[in-house]
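First the structure, in the form of structure tokens, and then the observations on it.
The values are calculated or read from the model by the stated rules, or taken from the named source; none is laboratory data. Bear in mind that the values here come from a model prediction, so they are computed numbers and not experimental data. Here Cβ is always computed from backbone atoms with ideal geometry, including for glycine, and neighbour counts include all displayed protein chains. These accessible areas exclude ligands, DNA and RNA; they are computed on the full protein's heavy atoms, side chains included. Shrake-Rupley method; radii C 1.70, N 1.55, O 1.52, S 1.80 Å.
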Amino acid sequence: MAGKEIRLDAHRIVDEPFYLAQGDEVRIAEISYRCGMPLLLKGPTGCGKTRFMQYLAWKLGRPLITVSCHDDLSTSDLVGRYLIRAGEAVWMDGPLTLAVRAGAICYLDEVVEARKDTTVVIHPLADDRRELPIEKRGELLRAPPEFMLAVSYNPGYQSVLKDLKPSTRQRFVALSFDYPAPDQEAEIVQREADIAPELARQLVRLAGMTRSLGDSGLAEGASTRLLIQAGKLVARGIPVRAACQVAITQALSDDPELLAAIDEMVSSLF
Amino acid sequence: MELDNLKERFFALVAPDLPNDWEVEEALEGLTGAAPDLVETVLAQVPVIWPVSNSLCYNYLGQAVGALSCFPPAELGTWVNETLDRYEKGGLQAAQRFMVHVEEEFVCRLRGIAGLRFDEVQGRLLPYVRGLAGRDLDLAAAATACTDGETIYLPREISLARGEADNFLLYKLTASFQWAFLELGSFAPASPLLPAAPDTELAWLPLARFFDSLAHPGLAADIYLQLESIRARAFLARELPGLMREALPLLPACPAWPAAGDRAGRLVSELQCYCLSGDIRDASLAAAHGRRLRHLVEPGTDAARSLELCRDLHAQWCRDAGDYHSPQPLFFQGTFRLDLVLAARNRRRRSLEQRFVDTLATVLVQTPAPGKGTGGDREQAAGEAPAPDVALVLDSGGKRHRDAEQTAFLRINNEQVALDEELEALAREVTDEFGFLPPRFISSAAGRAGRAAAIGAPGGPAGGGEVQAPVVYDEWDHRRNGFRKNWCIMTEKEIPVTRSTFIAATLARYRGQIVRLRNQFEMMRTTERFLRRQRDGDDIDLDALVESLADSRAGLPPSDRLFVRLARDGRDIAALFLVDMSNSTQGWVGTAIKEALVLICEAMEKVGDRYGIYGFSGMRRLRCETFHIKHLDEPYGDGVRQRIGSIAPQEYTRMAPAIRHMTARFAEVDARIRLLVILSDGKPEDYDDYKGEYAIEDTRHALLEARSAGIHPFCITIDHHAHEYMAHMYGAANSIFLDDVRKLPARMPEIYRVLTS
Ligand SMILES: Nc1ncnc2c1ncn2[C@@H]1O[C@H](COP(=O)(O)OP(=O)(O)O)[C@@H](O)[C@H]1O
Ligand SMILES: [Mg+2]
């Protein structure tokens, strides 16, 4: 079982992650944890959902096991499977099972990307039964109080094929995330990218401009993550306009007019 | 620079020649008041000209400052070279003529080389400006830059700089300047100097009224424009440092100077100079007002300061304003068109009033009147129900403390009723615009509600008799939370076909785009997916095999799903497009919808999804109509194309029965994904009382019915502004809003692609 300890230790968060609270989300999450209720984090990409989970895991002192969902993710990928080792069949826990056994936090990122038949395995875990059936082993795992399930998704405009079923969604305490307010966002960008406050403020201004282009055809504006990436490039010597071009403008759109307009914003601001 | 200094510099430049003293003095006269760096720019050319001709050089010194008001200093060298060319070919007179007619001889040609027209920059500047403003400003062309708060007008052409890139930069600067005026509140300073306007005053703007009250309104307005431009330039330098860094070298070195003796004109030009260079050159102006002028460029000043300074400068100079002529505005600063600002404000106020009164009246009609209260003692005209006694209470401190709970409610006949979201948002918009809630708005809504109540509930009188259709639909009445049974009669009709070149023209116009779309959509069709864990297939699923071996070693029954199969067509999508053919789509909207349909058809043919197209319109509940354009499995041929080309605006927008009709059509369709795409231009509404909340709720309910029948509805709305109700009616994630109808043809296939992949 030493192997399992090592696998788990890698998921422990030792140092306090930097997280700037947006409201009372930390308190609500802590209380949900104590009540054994799962969390649903909604919000645009790159606005701090993952960082929030890292902070929460650190605060609660639990390991955090993150699974990025995709459309090839199968139930076995989550729950576990038999492998053959030295001619013998060995059961190998999947990340979800591992988290339940160890009382960790399991975070399914972008859960709508997973196929619907996969998402149903979390149902019995996500209501007050809090149990995980492992059919292949004929085992029914009961989650300890320390275990927590969290999922995230981006409710923005997207394919009709990818929407969270009501039967799934109605099990969670839902926290809605959005990009932080300008001052806070500037503080985050400044800290994370290690850049001057003025540059961080200008980057946030740029983001604000791109975020108001929804009606001009830009589905999502620049995320906090993109700002940090641009900032990091600048901090390491890339000229600011070039950094914005590669880290923000090109990442946002392929439409020539929108690209040109965002470029103009960049060259006005910097 | 003093004349003596100038002379000294000049003699140094032409040494060892020793020109005649008084000739030099006369030539340098025009430079005495000019800024030092401007003088340097001018003098720098002296060594080039002097050796060619002394007289030409004297002439040049007289003309150079004027010329520099027409083009940026960087062009001076080119201008001088051309002057010398003329001199060599045509002698002194030819060269003089060239120098005097700067605009026709020189700037004009620069323009010919590199002028940039508004329509070439509009596409790029519009999102830029909207990004800056964070709201839907529009752009339009005009002779001079200006703004009314809703549209920014830009010159039809800009050609002051040499290359396209630089001229674009000047366009951007001009647009940014107008944005700065809006951002800085130049048109509505919060100043005690302004007369207070009655709440609903439409005839005048306080700022314009203030100027009119002064001795020389034109001068005052010009001074104010200059002071606000100074503020705007400083603001832009702080907000958009990149822009200002790049654009400043392209600006003219100085403004055009007024005629001698126009002292007030001289003041305005000095202020323009300050705006251009950031320096106050005129010593007496600097001494008298330097502190206040410099204060304008600091962060945190407001338009009230400019107005105060404007009043004082005007008072000092208006006595000298006998010969005053407004100097040419700096092109990037444009002008203040308070008449346009007033017109735009009035448009906004009228539409706000109308929306507010409509909404409140609808709420009142639908709110069951509580106890009659004081209403009873009023005399009402015969046949009218008494108008309810209404007050709308909105907390005033709410804006300060965002978190504080906001109190807002309606009081009808002394009883409190909670405000619905739309009405509350509108009420706040009204108080933001007018400063408070004009009582007239409430009384006219109450009056209208009283009359409506007397006539009867919405739903309207049953009119029209030509009923022949077999299909009948219920209508949702949210007030009673139930259906009105068999309320609407739906006829499916054929479109009268008209001949036109529409299809051919559209296919030609969008040829490139259609090719690209067809490629894109073809790729969607051929998304090949590996289906894992199949009973049979093209290849062995190694993961599954290993797992099953392991399972069997562990004593479990091994799975027989061990193959991978390549699935070529996993799509099985049926889509219906429902397009608004109401009267309001007349014009651009209708054309764009038709073009979008042509494009989507061309694309759909490649992806191979099944699709149908129907139009809808009608008048009153007994004559709802859908128009057949293409049935689901009908091939896309000439007939379909002709019908698309013949789509023409009909009557009203009762959208819900059409949606129910589509849901009914879908019931016969077997497909994994059933998608209903609705294209419309705004609010559902019919000739009778089918409008407002009633119509929105019915439409919303029809969409919910569709959804619960397993259909994915998606709505594309074309309108100038997004409205609160849209997200509510359609569901935020199931709708998109386009403010620019020209974008529709390109966006629609794109939306379909995103929705289904
Ligand atoms: N509130 C916040 N406090 C600290 N950092 C933040 C915050 N919000 C966003 N970030 C930064 O933004 C980056 C992207 O956020 P992330 O959590 O990865 O986004 P998401 O999971 O929502 O896509 C993080 O790595 C972090 O640097
Ligand atoms: Mg209409």
### Query
Any idea how many residues of segment A:203-253 are among the charged types (D, E, K, R) and within 13 Å of another protein chain (Cβ to nearest Cβ)?
5
### Query
Before we move on, is B:I503 at pLDDT below 85 and more than 14 Å from chain A (Cβ to nearest Cβ)?
no
### Task
Give the residue, chosen from A:Y82, A:Y19, A:Y107, that is in contact (Cβ under 8 Å) with a residue 40 or more places away in the chain and within 16 Å of ligand 1 (Cβ to nearest atom).
A:Y107
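Okay, residues lined up against (1) on the phi < 0 side of the Ramachandran plot; (2) within 14 Å of another protein chain (Cβ to nearest Cβ); (3) in contact with a Lys or Arg (Cβ under 9 Å, 6 or more places away or on another chain):
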{"residue": "B:A95", "(1), (2), (3)": "yes, no, yes"}
{"residue": "B:V102", "(1), (2), (3)": "yes, no, no"}
{"residue": "B:G131", "(1), (2), (3)": "yes, yes, yes"}
{"residue": "B:A143", "(1), (2), (3)": "yes, no, yes"}
{"residue": "B:T151", "(1), (2), (3)": "yes, no, no"}
{"residue": "B:R156", "(1), (2), (3)": "yes, no, yes"}
{"residue": "B:L160", "(1), (2), (3)": "yes, no, yes"}
{"residue": "B:A180", "(1), (2), (3)": "yes, yes, yes"}
#### Entry: helices (runs of 4 or more DSSP H) contained in segment B:626-715 and holding at least 3 residues within 14 Å of chain A (Cβ to nearest Cβ) and under 25 Å from B:N481 (Cβ atoms)
B:692-708
### Task
Looking only at segment B:235-270, count how many residues are away from chain A (no Cβ under 14 Å) and not hydrophobic (A, V, I, L, M, F, W, C).
11
### Query
Checking B:S176 against (1) touching a residue at least 24 places away in the same chain (Cβ under 8 Å); (2) surrounded by fewer than 21 Cβ atoms within 10 Å (Cβ to Cβ), which test does it fail?
(2)
### Task
Would you mention how many residues in segment B:584-617 are modelled with pLDDT of 85 or more and either within 16 Å of ligand 2 (Cβ to nearest atom) or part of a strand (DSSP E or B) (or both)?
12
### Message
For a quick check of your reading of the model, give me the residue pairs whose first member lies in segment A:37-48 and is within 14 Å of chain B (Cβ to nearest Cβ), whose second is open to solvent by 10 Å² or more (accessible area, probe 1.4 Å) and near ligand 1 (Cβ under 6 Å from one of its atoms), with beta-carbon atoms closer than 8 Å and at least 6 apart or on different chains.
### Response
A:G43/A:K49
### Query
Right, B:L340: more than 22 Å from B:E75 (Cβ to Cβ), modelled with pLDDT of 90 or more and crowded, with 20+ Cβ neighbours inside 10 Å or not?
no
### Task
Determine whether B:I600 is within 19 Å of B:H712 (Cβ to Cβ) and away from ligand 1 (no atom under 16 Å from the Cβ).
yes
#### Entry: Residue check, B:A733 at the interface with chain A (Cβ under 9 Å from one of its Cβ atoms) and surrounded by fewer than 17 Cβ atoms within 10 Å (Cβ to Cβ)
yes
### Task
Please state which one of B:P189, B:P127, B:P206, B:P155 is touching a Pro at 6+ places or on another chain (Cβ under 8 Å) and surrounded by 16 or more Cβ atoms within 10 Å (Cβ to Cβ).
B:P206
### Task
Could you pull out the residue among A:A86, A:A10 that is open to solvent by 50 Å² or more (accessible area, probe 1.4 Å), aliphatic (A, V, I, L, M) and on the phi > 0 side of the Ramachandran plot?
A:A86
### Query
Restricting the search to segment B:639-658, which residues are among the polar types (S, T, N, Q) and either within 16 Å of ligand 1 (Cβ to nearest atom) or open to solvent by less than 30 Å² (accessible area, probe 1.4 Å) (or both)?
B:S646, B:T653
### Query
Can you tell me which residue in segment B:561-583 is nearest to ligand 2 (Cβ to nearest atom), limited to those that are away from chain A (no Cβ under 14 Å) and surrounded by fewer than 20 Cβ atoms within 10 Å (Cβ to Cβ)?
B:N583
### Task
May I ask you to say which residue of B:A727, B:A664 is at pLDDT below 85 and away from ligand 2 (no atom under 16 Å from the Cβ)?
B:A727
### Query
Only one of these conditions is not met by A:I65: (1) over 22 Å from A:E110 (Cβ atoms); (2) within 16 Å of ligand 1 (Cβ to nearest atom). Which number is it?
(1)
### Message
Can you tell me how many residues within segment B:716-748 are in a helix (DSSP H, G or I) and either among the charged types (D, E, K, R) or not assigned by TED's automatic domain parsing to the domain that holds B:G682 (or both)?
### Response
4
